[in-house]
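The values are calculated or read from the model by the stated rules, or taken from the named source; none is laboratory data. This one's a predicted model, so the numbers in the text were calculated from it and none came from an experiment. Using ideal geometry, Cβ is built from the backbone for each residue, glycine included, and neighbour counts are taken over all protein chains shown.
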Amino acid sequence: MVWFRKGLILVHRYLGIVLSALVVMWFVTGIAMIYAGGMPQLTQSARLEHLPPLDLSQIRMSPAEAAEHGNMTRTPGRLVLTTIMGRPAYRFDTGPSSIVFADTGDLLENVGATDAMAIASRFMQLPEGALHHVGVLTEPDQWTIGQSDQMPLHKITVDDAAGTELYVSESLAEVSMRTTRGSRSLAWVSAIPHWFFLVELRRHDSVWRQSILWTAGLGTLLALLGIALAVTQFSPSSPFRFSRIGSYIPYAGLMRWHYITGVIFGVFTLTWAFSGVLSIEPFDWSTGGGSGAGVARVLTGGGLDVSHFPPIDRAAWDESLSGSALKQVEFLRIQGEPYYLVRGVDPKPLLVEANPLRVRREPFSTESLMSRIEQGNPGVPIVESEMIGDYDSYYYSQNRDTPLPVLRVKFDDPDATWMYVDPGMSRVVGRFTRRVRLERWISTGLHTLDFSFWYYNRPLWDIGVIVLCFGGAVSSGIGLFVGFKRLKRGAQRMIRS
């Protein structure tokens, strides 16, 4: 038994020397991510803020006429009416995006450096002389990871106090990313080291995944060995007295503090490292399965058909929106009928019926939703359906910005699928199998501690997470220091001998 204990000590010691600096970095950057968030991004609200109001008086083409003029399909995957290069334009998403100007029906052929500079200038509301075209990206850089479908991107720097850099997408003809000196700096001390989010690594997804699996996996082993040693090294006398518990710890100095902090924060370190392994879904263990994949299409009533939308009538739109200026219109099909999703009028998008034109304020009825859900998932019994007015353990949002109320439907299928449907838009907003719900607890839950009883009670959640991360960093940092001191002493003995 003595040799086994010594073996645990040696493995824990040298594995700690190798990994402790990385573990300390993970804990420290985890604290930073509470406030810095993830990578820089251009949010929908920020993009809308920089868009000019849509001038409906310039629109000469209906969606169907624009599709005909631009040689586009009448059934695009998505269609948006917005302002591009100072003109109203339809953006057809049919794989690669295609843009047809709504005033003339002309197809936008390409976006060169001159056009990109003009787009960036309008976005920043600055003269082009204050902007500089850096070049054209054909593959992502550090700040455009995940935007390969929007390539090529024109990179443009701005002469402003924030050190702004913009990326203009040729396919979208708009600014698709904005970073500042501050957001880039925050990313370098939070998300990038925490997620190993280096572009050179992310370009090789399998290598990136394996690097996280191995480092987080070894970190899990390190924490597990530490907990095991905390138990085996504890040597109480007989009879045990709580008042003398300090005398049962067989260490002094920094090793004593490493032991104590390890006992207090070891379980958290173990669950946190293990949930980090699960966060990238090794072996795709939580994906797939479940029923109800066809519900989303039944709720829409089929694919989008632009011929169902009438020409834009400015007077009718002004009357329906009470003269409010809008910035973007998305064309939708909901329960078989044409609708517009209007952005820029209210903080939340407005749903507008196309025939006749009017703002829809009331949600779709539970009866119509349930009828379509049953149609989209035939032969699968429904165990329970309930309209819930607050978030539960699986459908939730820290910023509380996802739709409420929602219709929660539980199916009696082999994967015990739960589905959440937004009655305001008649669309699926969440679908969770038994494995996904399990993953929520042992991966997301254990890693971010986003449990409802304190997740919405900030700053209590912040304080709790910071204390745990700080404790884990201190325990790992002490272990790293002690380990290197031992290595140094060993090296000095070898040199003297």
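Assess whether residue 436 counts as being assigned to a loop (DSSP other than H, G, I, E, B) and β-branched (Val, Ile, Thr). Give the steps one after another, and end with the answer.
Numbers: assigned to a loop (DSSP other than H, G, I, E, B): no; β-branched (Val, Ile, Thr): yes.
When the stated conditions are applied, residue 436 does not pass them.
Note on the stretch 105-133: among residues that are among the acidic types (Asp, Glu) and either modelled with pLDDT under 95 or in contact with a helix residue (DSSP H, G or I) (Cβ under 9 Å, 6 or more places away or on another chain) (or both), the one that is nearest to residue 83 (Cα to Cα) is 106. Checked against the criterion of being under 19 Å from residue 28 (Cα atoms), free of Cβ contacts under 8 Å to residues at least 60 places away in the same chain, over 20 Å from the mean Cα position of the chain (by Cα) and buried (at least 16 other Cβ atoms within 10 Å of the Cβ), the stretch 212-219 has no qualifying residue.
Kindly check whether there is at least one residue in the stretch 288-298 that is under 26 Å from the mean Cα position of the chain (by Cα), among the aliphatic types (A, V, I, L, M), buried (at least 20 other Cβ atoms within 10 Å of the Cβ) and more than 26 Å from residue 99 (Cα to Cα). Yes, some residue in the stretch 288-298 is under 26 Å from the mean Cα position of the chain (by Cα), among the aliphatic types (A, V, I, L, M), buried (at least 20 other Cβ atoms within 10 Å of the Cβ) and more than 26 Å from residue 99 (Cα to Cα).
From (1) surrounded by 19 or more Cβ atoms within 10 Å (Cβ to Cβ); (2) in contact with a His (Cβ under 7 Å, 6 or more places away or on another chain), pick out the condition that doesn't hold for residue 131. For residue 131, the exception is condition (2).
I'd like the full set of residues that are among the β-branched types (Val, Ile, Thr) and either over 28 Å from the mean Cα position of the chain (by Cα) or part of a helix (DSSP H, G or I) (or both), limited to the stretch 17-48.
Correct list: 17, 18, 23, 24, 28, 29, 31, 34.
Taken residue by residue, the stretch 85-101 has no member that is assigned to a helix (DSSP H, G or I), surrounded by 14 or more Cβ atoms within 10 Å (Cβ to Cβ) and touching a residue at least 60 places away in the same chain (Cβ under 8 Å).
How about the stretch 337-372: which of its residues are small (Gly, Ala, Ser), over 27 Å from the mean Cα position of the chain (by Cα) and within 21 Å of residue 323 (Cβ to Cβ)?
Start the filter on the stretch 337-372 by keeping residues that are small (Gly, Ala, Ser), which leaves 344, 354, 365, 368, 371.
If we keep only those that are over 27 Å from the mean Cα position of the chain (by Cα) too, we end up with 354, 365, 368, 371.
Residue satisfying the conditions is 354 alone.
Among the residues of the stretch 84-95, which ones are farther than 17 Å from residue 304 by Cα and at pLDDT below 95? Before the answer, list the steps.
Of all residues in the stretch 84-95, those farther than 17 Å from residue 304 by Cα come to 84-89.
Scanning the stretch 84-95 gives 85, 86.
One residue stands out among those in the stretch 111-121 that are over 11 Å from residue 157 (Cα atoms) and under 28 Å from the mean Cα position of the chain (by Cα): the one that is surrounded by the most Cβ atoms within 10 Å (Cβ to Cβ), which is 116.
When the residues of the stretch 386-404 are filtered to those that are touching a residue at least 40 places away in the same chain (Cβ under 8 Å) and within 23 Å of residue 362 (Cα to Cα), the one that is surrounded by the fewest Cβ atoms within 10 Å (Cβ to Cβ) is 400. The residue list 345, 383 contains one member that is β-branched (Val, Ile, Thr), outside any loop (DSSP other than H, G, I, E, B) and either touching a residue at least 12 places away in the same chain (Cβ under 8 Å) or out of contact with any helix residue (DSSP H, G or I) (no Cβ under 7 Å at 6 or more places or on another chain) (or both), which is 383.
Answer yes or no: is there a residue in the stretch 454-464 that is among the β-branched types (Val, Ile, Thr), more than 15 Å from residue 254 (Cβ to Cβ) and either more than 23 Å from the chain's Cα centre (by Cα) or part of a helix (DSSP H, G or I) (or both).
Step one: list which residues in the stretch 454-464 are among the β-branched types (Val, Ile, Thr), which gives 463.
With more than 15 Å from residue 254 (Cβ to Cβ) added as a condition, the list becomes 463.
Filter again for either more than 23 Å from the chain's Cα centre (by Cα) or part of a helix (DSSP H, G or I) (or both), leaving 463.
Yes, because at least one residue in the stretch 454-464 is among the β-branched types (Val, Ile, Thr), more than 15 Å from residue 254 (Cβ to Cβ) and either more than 23 Å from the chain's Cα centre (by Cα) or part of a helix (DSSP H, G or I) (or both).
Just the residues that are at pLDDT 95 or above and surrounded by fewer than 19 Cβ atoms within 10 Å (Cβ to Cβ), please, taken from the stretch 337-349. Matches in the stretch 337-349: 337, 341.
Candidates 199, 189, 136, 207: the one that is touching a His at 6+ places or on another chain (Cβ under 8 Å) and either modelled with pLDDT of 95 or more or at negative phi (or both) is 136. From the list 408, 435, 440, 400, the lone residue that is among the basic types (Lys, Arg) and under 22 Å from residue 299 (Cα atoms) is 408.
Taking the stretch 23-39 as the range and being more than 18 Å from residue 468 (Cβ to Cβ) and surrounded by fewer than 20 Cβ atoms within 10 Å (Cβ to Cβ) as the test, the residues that pass are 37, 38.
Report yes if some residue within the stretch 49-61 is under 26 Å from the mean Cα position of the chain (by Cα) and assigned to a strand (DSSP E or B); otherwise report no. I'd like the intermediate steps shown before the answer.
Narrowing the stretch 49-61 to residues under 26 Å from the mean Cα position of the chain (by Cα): 49-51.
Then drop every residue that is not assigned to a strand (DSSP E or B), which leaves none.
Checked the stretch 49-61: no residue is under 26 Å from the mean Cα position of the chain (by Cα) and assigned to a strand (DSSP E or B).
Within the stretch 85-104, the set of residues being within 17 Å of residue 344 (Cβ to Cβ) and under 27 Å from the mean Cα position of the chain (by Cα) comprises 91 only.
Please go through the stretch 170-205 and pick out each residue that is closer than 25 Å to residue 132 by Cα, touching a residue at least 24 places away in the same chain (Cβ under 8 Å) and within 21 Å of the chain's Cα centre (by Cα). I'd like the intermediate steps shown before the answer.
Just the residues of the stretch 170-205 that are closer than 25 Å to residue 132 by Cα, to begin with: 170-188, 199.
Next, only the ones that are touching a residue at least 24 places away in the same chain (Cβ under 8 Å) stay: 170-180, 183-184, 186-187, 199.
Hits for the stretch 170-205 are 175, 176, 177, 178, 179, 180, 183, 184, 186, 187, 199.
Residues that are of a type in the set (Ser, Thr, Tyr) and in a strand (DSSP E or B): does the stretch 348-369 have at least one? No, there is no match, as no residue in the stretch 348-369 is of a type in the set (Ser, Thr, Tyr) and in a strand (DSSP E or B). Within the stretch 459-466, at least one residue is of a type in the set (Phe, Trp, Tyr), buried (at least 18 other Cβ atoms within 10 Å of the Cβ) and over 26 Å from residue 225 (Cβ atoms).
Per the listing 352, 298, 329, 306, the residue uniquely farther than 25 Å from residue 403 by Cβ and touching a residue at least 24 places away in the same chain (Cβ under 8 Å) is 306.
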